[in-house]
Amino acid sequence: MANQLCIVLDFGGQYNQLIARRVRECGVYCEIRRYDTPLSELRALNPTGIIFTGGPNSVYDPESPHIDPAYFELGIPTLGICYGCQLMAYTLGGTVESCEKSEYGKIEITHGEKSLLFAGVPERSTVWMSHTDYVSRLPEGFRTTAFSADCPCAAFEDPARKLYAVQFHPEVTHSVFGKEILHHFLYVVCGFTGDWVMQDFIEQTVSKLRQQIGDKKVILGLSGGVDSSVAAALLSKAVGKQLTCVFVDQGLMRKDEGDFVEETFTRLFDMNFVRVNAQAHFLEKLRGVTDPEQKRKIIGTEFYNVFWDKVRETGTDGFFAQGTIYPDRIESGKGDEAGHGSTAVIKTHHNMVKMPDDIAFAGTIEPLAELFKDEVRRVGEKLGIPRELVWRQPFPGPGLGIRIIGEITEEKVRILQEADAVFRDEIEKSGIAGELSQYFAVLPDVHSVGVMGDHRTYDHLIAIRAVTTDDFMTADWARIPYDVLARISNRLCNEVAHVNRVVFDITSKPPGTVEWE
Ligand code: XMP
């Protein structure tokens, strides 16, 4: 049974994925489509509702993404957000002007007239605004439903045509009643019933996988990350021993993590599990390499080289599976699916790789291709993957390789693994882990003089990093209490051989990134 569909029409805004995630959190299946998707295609998709995203542009800029006025004849309930709101007004004959004073940040709005969107929302509430243009005159048939001190049309609507618009961003948590407003649009205006349920997803996917795979074999490269682990569990539920998971342990995982992955999958899931211990191979390839991007490339490429070698041994008479998730498909290569407003490629991810010419499978299977990360975690939990693995903090594909600054050696990996384990242990024991989005140790290539007992030492510096963030696009350094910092510092110097100094990274993002490389 197909789910009801909401389309997020992407005009290049930075929050377009967030909008889609929020819609899914409301129990509504949602996909992001380019703003210039032909109307015939939109109609054929038969969406129950559409949301226009924000965008970096002004509607008067000829280069800016526009919409065919005929769109509004399709009769699809539509919510315009920020640029999407201005575009709706402009396309239907209203006027958009530059604000005398642009609004940015938390702004108070007042909603006056009765609007379905604002049902139950207090008359005054805080929303997140970020705009330099505003709608100064509404198109015919519309009425204003909310305003702020500097924005006369903070929300407007034409209920007869089911067209709604908000200048603010309901998808951002700073908009205090944003979730309610989206919910009202989806359920009351559009008539969604909330049929996007994870348990249904699992059952439907398992039955589709069984049908697609038949009695053939499937091979999956397991990295130990959340996505490939959940894909493995789903495939195991569908086809059991027809699945072979090749776990490439590059030797750059956290302390004991490789063993934990092996233990989990061999004990809890029905499959063939093959572990390749490849640390020596990776260290050989990384010898003398200090450039961060180069390290990323080597680790990413070698993961697959080792994997392909194993595949050649195992045979390719079946399907190739991978844990691609929805954001991987949106981001890969061109910044975003709309191909505009694309953000610069900052780091190389290795989710999308080309298969070697000599390897040919019957087909590729990506059982998580429609899911956002939080949904992948929920599926993982339902499938019985331990919480420790499913809810673990983000860990970069290149592993500790990009947390060891400079050349990577076996000894440095060992020191960092030990230090990182002590740091994480102390954070967890202190009961503050839940407040942090990510926390880890870094081994900068720095030695410093110290004193231990009567001896002078010249040993490694460990940096500790802890951040809080909603989306990892920006992040703040975490205010770890001094007494916890003191225990961490003590333990690192006392328990980890070759560490004689500890520093705490107090850089937010921007200007820093979360990782050091
Ligand atoms: P940055 O350092 O870019 O990190 O602020 C943001 C988030 O992304 C993770 N990260 C990576 N994940 N491959 C990954 O799979 C990578 O190369 C990579 N680099 C950074 C990082 O851990 C943080 O959660």
Kindly establish whether GLU108 is without any contact (Cβ under 8 Å) to a residue 24 or more places away in the chain and either within 19 Å of CYS6 (Cβ to Cβ) or open to solvent by 50 Å² or more (accessible area, probe 1.4 Å) (or both).
no
In contact (Cβ under 8 Å) with a residue 24 or more places away in the chain and more than 12 Å from the ligand (Cβ to nearest atom): which single residue out of VAL467, VAL502 fits that description?
VAL502
Those residues of segment 186-238 which are open to solvent by 40 Å² or more (accessible area, probe 1.4 Å) and under 15 Å from GLY27 (Cβ atoms), in sequence order:
TYR187, VAL188, THR193, VAL197, GLN199, ASP200
For PHE192, indicate whether it is under 30 Å from SER125 (Cβ atoms), of a type in the set (A, V, I, L, M, F, W, C) and not in a helix (DSSP H, G or I).
yes
May I ask you to say which residue of VAL166, VAL226 is at negative phi, within 16 Å of the ligand (Cβ to nearest atom) and in contact (Cβ under 8 Å) with a residue 40 or more places away in the chain?
VAL226
Specify the residue that is farthest from ASP10 (Cα to Cα); the eligible residues are those in segment 285-328 that are more than 16 Å from the ligand (Cβ to nearest atom) and among the basic types (Lys, Arg).
ARG287
Out of segment 88-123, which residues are over 16 Å from PRO159 (Cβ atoms), touching a helix residue (DSSP H, G or I) at 6+ places or on another chain (Cβ under 9 Å) and part of a strand (DSSP E or B)?
THR95, VAL96
Counted residues, segment 131-147 - those being surrounded by 20 or more Cβ atoms within 10 Å (Cβ to Cβ) and over 16 Å from MET88 (Cα atoms)
1
Within segment 426-441, work out how many residues are assigned to a helix (DSSP H, G or I) and in contact (Cβ under 8 Å) with a residue 60 or more places away in the chain.
2
Is it fair to say GLU73 is open to solvent by 20 Å² or more (accessible area, probe 1.4 Å) and either over 23 Å from GLU375 (Cβ atoms) or outside the structural domain of LYS162 (by TED's automatic domain parsing) (or both)?
yes
What's the number of the only condition in (1) closer than 21 Å to GLU366 by Cβ; (2) assigned to a loop (DSSP other than H, G, I, E, B) that THR290 fails to meet?
(1)
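For every residue, the table says whether it meets (1) modelled with pLDDT of 50 or more; (2) crowded, with 16+ Cβ neighbours inside 10 Å; (3) away from the ligand (no atom under 16 Å from the Cβ).
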| site | (1), (2), (3) |
| --- | --- |
| LYS334 | no, no, yes |
| GLU337 | no, yes, yes |
| HIS340 | no, yes, yes |
| ALA344 | no, no, no |
| PRO356 | yes, no, yes |
| GLU370 | yes, yes, yes |
| VAL379 | yes, yes, yes |
Which of the residues that make up segment 162-185 are among the aliphatic types (A, V, I, L, M) and either surrounded by fewer than 22 Cβ atoms within 10 Å (Cβ to Cβ) or not in a helix (DSSP H, G or I) (or both)?
LEU163, ALA165, VAL166, VAL172, VAL176
Would you mind finding the one in ARG403, ARG387, ARG392 that is away from the ligand (no atom under 16 Å from the Cβ) and within 23 Å of the chain's Cα centre (by Cα)?
ARG387
Answer yes or no: is there a residue in segment 35-52 that is of a type in the set (D, E, K, R), open to solvent by less than 40 Å² (accessible area, probe 1.4 Å) and assigned by TED's automatic domain parsing to the domain that holds PHE185.
no
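To keep it simple, each residue is scored yes or no on (1) under 23 Å from the mean Cα position of the chain (by Cα); (2) modelled with pLDDT of 95 or more; (3) in a loop (DSSP other than H, G, I, E, B).
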| site | (1), (2), (3) |
| --- | --- |
| GLU411 | no, yes, no |
| VAL422 | no, yes, no |
| LEU461 | no, yes, no |
| ALA466 | yes, yes, no |
| ASP471 | yes, no, yes |
| ILE480 | no, yes, yes |
| ILE488 | no, yes, no |
| GLU517 | yes, yes, yes |
Scan segment 231-250 and give yes if some residue there is more than 16 Å from the ligand (Cβ to nearest atom), within 21 Å of ALA321 (Cβ to Cβ) and acidic (Asp, Glu), otherwise no.
yes
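The values are calculated or read from the model by the stated rules, or taken from the named source; none is laboratory data. This one's a predicted model, so the numbers in the text were calculated from it and none came from an experiment. Using ideal geometry, Cβ is built from the backbone for each residue, glycine included, and neighbour counts are taken over all protein chains shown. Heavy atoms of the whole protein, side chains included, go into the accessibility calculation; ligands, DNA and RNA do not. Shrake-Rupley method; radii C 1.70, N 1.55, O 1.52, S 1.80 Å.
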